[in-house]
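Visitor: Once you've had a glance at the structure underneath, I'll fire off some questions.
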Amino acid sequence: MTDILSVRDLAKGFYIHDRAKHVPAAEGVSFDLKPGQLAALVGPSGAGKSSLLKAIYRTYVPSSGQVLYRSATGGIVDLATAPETAITALRRAEIGFVTQFLHCLPRLSTLDVVARPLLQQGVARAAAHEKAARMLAALAIPEQLWDATPATFSGGERQRVNIARSFTQGGRLMLLDEPTASLDPVSRENVCAMIEAAKAEGVAMVGIFHDLALVDRLADVKIEVRRKAFEDAA
Amino acid sequence: MKPILDVEALTRIHGPGCPACLEVTGPAHDTNICRQCGSVVAVADASLRLHKGEVLGIMGESGSGKSSLVRMLYFDDKPTAGRAIFHDDGQAHELFTLNEAQQLRLRDTRMGMVYQNPALGLNFDISAGGNIAERLLMADELNYRAIRAKATALLARTEVPPARMDELPRNFSGGMQQRVQIARALSTGAPLLFLDEVTTGLDLSVQARILDLIMELQEVTGVSMLVVTHDLGVVRHLTTRTIVMKHGRIIEAGLTDQILEDPQAAYTQQLVSSAL
C-alpha cells in the first residue's frame, strides 16, 4: 500500500523578536505512514511533540522539511508549503485535529459543536445531528447535556466532546494531541475503541499519548522526539 | 476555490504625495507620514485575494490602514494607485475604472458594508423598514408589498422585532442599530460583504450575539466577507485566513490559527501577546 503521509526531516523552531532569540522545538523528524496506521510521537515533556503535530497541521509554520500528504484525489501535497486555501480545503474534508483542550464557539450547544464540521462540509442538518448524537452516545456523554454548552462541562467531558467532534468529522488523516489525557478509565477505553475502529476503516493517525501502554496498544510506528538542538546549545 | 475579489497594489496617500512617500514610510520606518512632503500614506501596495465563501480577517491597530482599505473597495474613497477586480457572476469588474454610475450600481446591489458607526450605514431619518426598502428600491424591487415582506423577513432574521420596523433607528440601541445595518447590507443578496469593526463599542453580550448572527448568516448564504477588526476574538471565531496591517502595509498573512499561535512578524507577535 502506498503511504498517505511522508514526513521528511521536519523541523520547527520559533524566532522570538522581542528577545531576539531562536528557540528550537524539534528537528530531524522523518517517518512514513500508510492508511490505517498510527504513528506515536514519544519523548519527554517539552521535547516538541505537540509542536510537530501543529507543524503537520500548519498551525505552526514548519521551519524546514517536508510533509508530503497523498490527498483523496491521489495528488501529493506538501503541507509545509501548500497554499493556505489548499490547507483550508484539506482541513475541512480530509485532515482532522484533536486538540489537547476543547476550543469551540461559546454559546453553541454540545450537539451543534459536534455537528458543526459536518454542516460546514455541506451535510444536511438532520444527518449531521444524527451522526453527532451517535458519537456523543458512544463516548457516554449523557443526553441531558447535549443541548448545554460544553463551556459548563468538566475537563473530561469537554475532552470527550472534543473527540466526538473530530471523529464525527472523520477524514483520512487525524492528528491526536493527548486525546486521553484527562479521561477516566472507562472513557479512555471508549476512545481507544474509537481509534481502533477508525484505523480499521483506513484512517491514518499521528498521535501523542502520555500513557505508554496506549502507545504499545495503538501504535504501528513509534517516533522518538528529542529537542536535540536545544540540548546541544545548552 | 474561485476568487471573488483580487486587490493589487492598492495605495492611498492623503496629501500632495512625492516620489519618496512609499520609501520613507512603513513598519521599517515606524511611521506612515512621509518626511519629505508630509503626506499620510494610509495604504501602500496592498494586495490580497478573497475567495468565494471565504471570510478573511484584516487585523491591525487603529491607523494601520485596514478601514481605509475596505472603504476604497466599497467606493467610499478613491485610491491613489492600484486596482481591484470583483469577479461577480461570471463578470470581472475592474472596480476603479468603472464610471460613477456603475460603481454606485455595484455598491447598491452587489456589495454590502456594515460600519462600526451605524450612522454611516443607515439613514436615521427614515424607519428601520424604510432603510431596507431604500436598498431594495435601488436594486429595482418596485413592488411595495414585496418590499415590505422582504424587509419584515430580513429584520426577523437579524432578530429585530417586526413591531419596531416602522420606528426610526436613531431610537434603537447600538446593538439593534447594528442588526438593522446587517439586514440592510444583506437585503439584495450581495455576494460580497465588508464588515468594519462591527462589534467594537458594543456590550460584550451584544457583541457575542452579533457575531453569532454574522456567522450563522455566512454559513446559510455563503457570502464572502472581509472583516476588519482589532479584536483577536473576532478574528479567531469568524475568519479562516487573516492579514495583518501596520502603517498602511500588509506585514503578514496566513491561516488564522497560524497567525494567532505562530505569528512570524515582530509586530504580530507583539499584537498577539498583548491580548488579555
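The values are calculated or read from the model by the stated rules, or taken from the named source; none is laboratory data. Here the structure is a predicted model, which means the values were calculated and not measured. Glycine also receives a Cβ, built like all others from the backbone with ideal geometry; neighbour counts cover every protein chain displayed. Just so you know, the surface numbers come from the protein's heavy atoms only, side chains and all, with ligands and any DNA or RNA stripped out. Shrake-Rupley method; radii C 1.70, N 1.55, O 1.52, S 1.80 Å.
Visitor: List, in order, the whole-Hz ³J(HN,Hα) value for each residue of segment B:5-18 obtained from phi through the Karplus relation with A = 6.51, B = -1.76, C = 1.60 and θ = phi - 60°; use x for Gly and Pro.
Guide: Coupling constants for segment B:5-18: 9, 10, 10, 10, 6, 6, 9, 9, 10, 8, x, x, x, 8 Hz.
Visitor: Sticking with this structure for a sec: For B:Arg241, list long-range residues whose amide hydrogen, built 1.01 Å from N in the peptide plane, is under 5 Å from its own amide hydrogen.
Guide: Residues meeting the criterion, in which the H sits 1.01 Å from N, are B:Val55, B:Gly57, B:Thr256.
Visitor: For B:Thr31, which sequence-distant residues (separation of 5 or more, or a different chain) have an amide H within less than 5 Å of its own amide H, given hydrogens modelled in the peptide plane?
Guide: Residues meeting the criterion, in which the H sits 1.01 Å from N, are B:Gly26.
Visitor: Here is a further query. Using the Karplus equation 6.51 cos²θ - 1.76 cosθ + 1.60 (θ = phi - 60°), what ³J(HN,Hα) coupling, rounded to whole Hz, does each residue of segment B:44-49 give in order, writing x for Gly and Pro?
Guide: For segment B:44-49, the Karplus-derived couplings read 10, 6, 8, 10, 7, 10 Hz, x marking Gly and Pro.
Visitor: If you don't mind, another one. Can you tell me the FRET efficiency between B:Asp30 and B:Thr200 if r is taken as the Cβ-Cβ distance and R0 is 30 Å, rounded to the nearest 0.05?
Guide: 0.75
Visitor: Quick one: compute a quarter of the convex hull surface over the Cα atoms of the protein assembly as shown and quote it in nm².
Guide: That works out to 26.8 nm², a quarter of the Cα hull's surface.
Visitor: Suppose all protein chains stay in the model; what accessible area per residue would a 1.4 Å probe give for chain B, in Å²?
Guide: Dividing the accessible area of chain B by its residue count gives 43 Å².
Visitor: Here is a further query. Work out the charge dipole of the protein assembly as shown with +1 on the Cβ of Lys and Arg and -1 on the Cβ of Asp and Glu about the Cα centre, then indicate which of A:Phe31, B:Phe124, B:Leu98 is farthest towards its positive end.
Guide: B:Leu98
Visitor: Run the 1.4 Å probe and let me know the accessible area of B:His230, rounded to the nearest 10 Å².
Guide: Using a 1.4 Å probe on the heavy atoms, I get roughly 100 Å².
Visitor: Quick one: plug the Kirkwood hydrodynamic radius of segment B:63-221 (C-alpha pairs) into Stokes-Einstein at 20 °C, 1.002 mPa s, and report D in µm²/s.
Guide: Using the Kirkwood radius from Cα pairs, D works out to 131 µm²/s.
Visitor: For segment B:190-199, what does the Karplus curve 6.51 cos²θ - 1.76 cosθ + 1.60, with θ = phi - 60°, yield as ³J(HN,Hα) per residue in whole Hz, taken in order and with x for Gly and Pro?
Guide: 4, x, 10, 10, 10, 10, 10, 6, 6, 10
Visitor: Round to the nearest 0.05 the FRET efficiency obtained for B:Asp125 and A:Ala140 when R0 = 60 Å and r is the Cβ-Cβ distance.
Guide: 0.55
Visitor: Need the per-residue list for segment A:80-116: every residue with at least 30 Å² less accessible surface in the complex of protein chains than in the chain by itself, probe 1.4 Å, sorted by number.
Guide: Output list: A:Glu84, A:Thr85, A:Thr88, A:Arg91, A:Leu105, A:Arg107, A:Arg116.
Visitor: Tell me, what is the 1.4 Å probe accessible area of A:Tyr69, in Å² to the nearest 10?
Guide: 0
Visitor: Heavy-atom accessible surface, probe 1.4 Å, ligands and DNA/RNA ignored: which residues of segment A:47-73 lose at least 40 Å² versus the isolated chain?
Guide: Residues meeting the cut-off: A:Thr59, A:Val61.
Visitor: Send over a whole-number figure in Å² for the accessible area per residue of segment A:115-234, probe 1.4 Å.
Guide: Accessible area per residue, segment A:115-234: 47 Å².
Visitor: Just going by the charge dipole of the protein assembly as shown, with Lys and Arg at +1 and Asp and Glu at -1 on Cβ, which of A:Gly207, B:Thr256, B:Val223 is farthest out on the positive end?
Guide: My answer, from the dipole projection, is B:Val223.
Visitor: So, with a 1.4 angstrom probe, what is the percent of accessible area on chain B that is carbon and sulfur?
Guide: Looking at chain B in its full context, I get 50 percent from C and S.
Visitor: Starting from the Cα of B:Gln270, step 7 Å along the direction of its Cβ; do the same at A:Ala124; then give the gap between the two resulting points in nm.
Guide: 5.4
Visitor: Oh, and also: Measure off 7 Å from each Cα along the Cα-to-Cβ vector at B:Leu142 and A:Ala72, then give the distance between these two points in nanometres to one decimal.
Guide: Simple spin-label model gives 4.8 nm for this pair.
Visitor: Just need the relative contact order of chain A here, percent rounded to a whole number, with Cα pairs under 8 Å and 6+ apart.
Guide: After rounding, I find 29 percent.
Visitor: In segment B:151-259, what percentage of the DSSP-assigned beta bridges are antiparallel, given to the nearest 5?
Guide: 55
Visitor: Still on this structure, please answer the following. Pairs of alpha-carbon atoms within less than 8 angstrom and 6+ residues apart define the contacts here; what relative contact order does chain B have, in percent?
Guide: 26
Visitor: Quick one: pull the percent of accessible area on segment A:19-95 belonging to carbon and sulfur, 1.4 Å probe, ligands and nucleic acids left out.
Guide: 51
Visitor: Percent relative contact order of segment A:77-149, based on C-alpha pairs within less than 8 angstrom and at least six residues apart?
Guide: For segment A:77-149, the relative contact order is 35 percent.
Visitor: Using only the heavy atoms of the protein chains and a 1.4 Å probe, how would B:His93, B:His237 rank by accessible area, largest first?
Guide: Sorted descending by solvent-accessible area, the residues read B:His237, B:His93.
Visitor: Another one. For segment B:1-135, state the average projected area of the convex hull of the C-alpha atoms over all orientations, rounded to one decimal in nm².
Guide: Reported value for the Cα convex hull: 10.0 nm².
Visitor: Give the cysteines in the protein assembly as shown for which no other Cys Cβ lies under 4.7 Å away, or write none if there are none.
Guide: Singleton cysteines: A:Cys104, A:Cys192.
Visitor: For a quick check: with amide H placed at 1.01 Å from N, whose amide H comes under 5 Å from A:Ser64's, ignoring anything fewer than 5 positions away on the same chain?
Guide: Under 5 Å from the amide H of A:Ser64: A:Ala11.
Visitor: Write down the percent of antiparallel bridges among all DSSP beta bridges whose residues are both part of the protein assembly as shown, to the nearest 5.
Guide: The answer is about 55 percent antiparallel.
Visitor: While we're here: Compute for chains A and B the buried accessible surface, both sides summed, probe 1.4 Å, and express it in Å² to the nearest 100.
Guide: 1800
Visitor: For the protein assembly as shown, build the charge dipole from Cβ charges (+1 Lys, Arg; -1 Asp, Glu) around the Cα centre, then report which of B:Leu48, B:Val235, B:Val24 sits farthest towards its positive end.
Guide: Most positive-ward Cα: B:Leu48.
Visitor: Still on this structure, please answer the following. Under the Kirkwood approximation applied to all pairs of distinct alpha-carbon atoms, what is the hydrodynamic radius of segment B:162-259 in Å?
Guide: 14.8
Visitor: Beyond 36 Å, how much of the Cα-Cα pair distribution for chain B remains, as a whole percent?
Guide: Across chain B, Cα pairs with separations above 36 Å total 15 percent.
Visitor: While we're looking at this one, here's another question. Do any residues of segment B:240-257 lose at least 30 Å² of accessible area when the full set of protein chains is present rather than just their chain alone, and if so which, with a 1.4 Å probe?
Guide: Residues losing area: B:Thr240, B:Arg241, B:Leu255, B:Asp257.
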